[in-house]
Amino acid sequence: MSTPLDAPDQGGVTTLDRELEQLLNEELQEPGDHERFSHYVKKEKILESALTGKPVRALCGKKWTPGRDPEKFPVCPTCKEIYESMMG
């Protein structure tokens, strides 16, 4: 008779953790109009995302995994407005 510890990848907590992480990652990434813009995110969060692959959250609330050149897109007006209100 085997126990869950004999085959840790055959269900149990490991599988639940992996499935939960996958669901959260799918839920966190938001398609839509926000894809047309570059967003404001702390530099350390961008670096962390590059190393871990985890999504980041912009000032406007958009969550996604960075992977494109932000110079090719206009700045998100909501991010810009929030940033300017923080600096002013």
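The values are calculated or read from the model by the stated rules, or taken from the named source; none is laboratory data. Bear in mind that the values here come from a model prediction, so they are computed numbers and not experimental data. Cβ atoms come from the backbone with ideal geometry, glycine included; neighbour counts cover every protein chain shown. Protein only, heavy atoms only, side chains kept; ligands, DNA and RNA dropped before computing areas. Shrake-Rupley method; radii C 1.70, N 1.55, O 1.52, S 1.80 Å.
Key figures
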read-out	value
Cβ-Cβ under 8 Å pairs, at least 6 apart or on other chains, the stretch 35-56 side β-branched (Val, Ile, Thr), far side open to solvent by 100 Å² or more (accessible area, probe 1.4 Å) and part of a strand (DSSP E or B)	Val41/Arg57
Unique residue being more than 12 Å from the chain's Cα centre (by Cα) and at pLDDT 95 or above when the list is Glu71, Glu81	Glu81
Residue in the stretch 21-39 that is modelled with pLDDT of 90 or more, open to solvent by less than 70 Å² (accessible area, probe 1.4 Å), of a type outside the set (A, V, I, L, M, F, W, C) and assigned to a loop (DSSP other than H, G, I, E, B) present	yes
Close pairs from the stretch 60-88: first over 13 Å from Arg36 (Cα atoms) and free of Cβ contacts under 8 Å to residues at least 60 places away in the same chain, partner open to solvent by less than 80 Å² (accessible area, probe 1.4 Å) and among the acidic types (Asp, Glu), Cβ under 7 Å, at least 6 apart	Lys63/Glu30
Output for the stretch 43-67, where each listed residue is basic (Lys, Arg) and open to solvent by 90 Å² or more (accessible area, probe 1.4 Å)	Lys43, Lys45, Lys54, Arg57
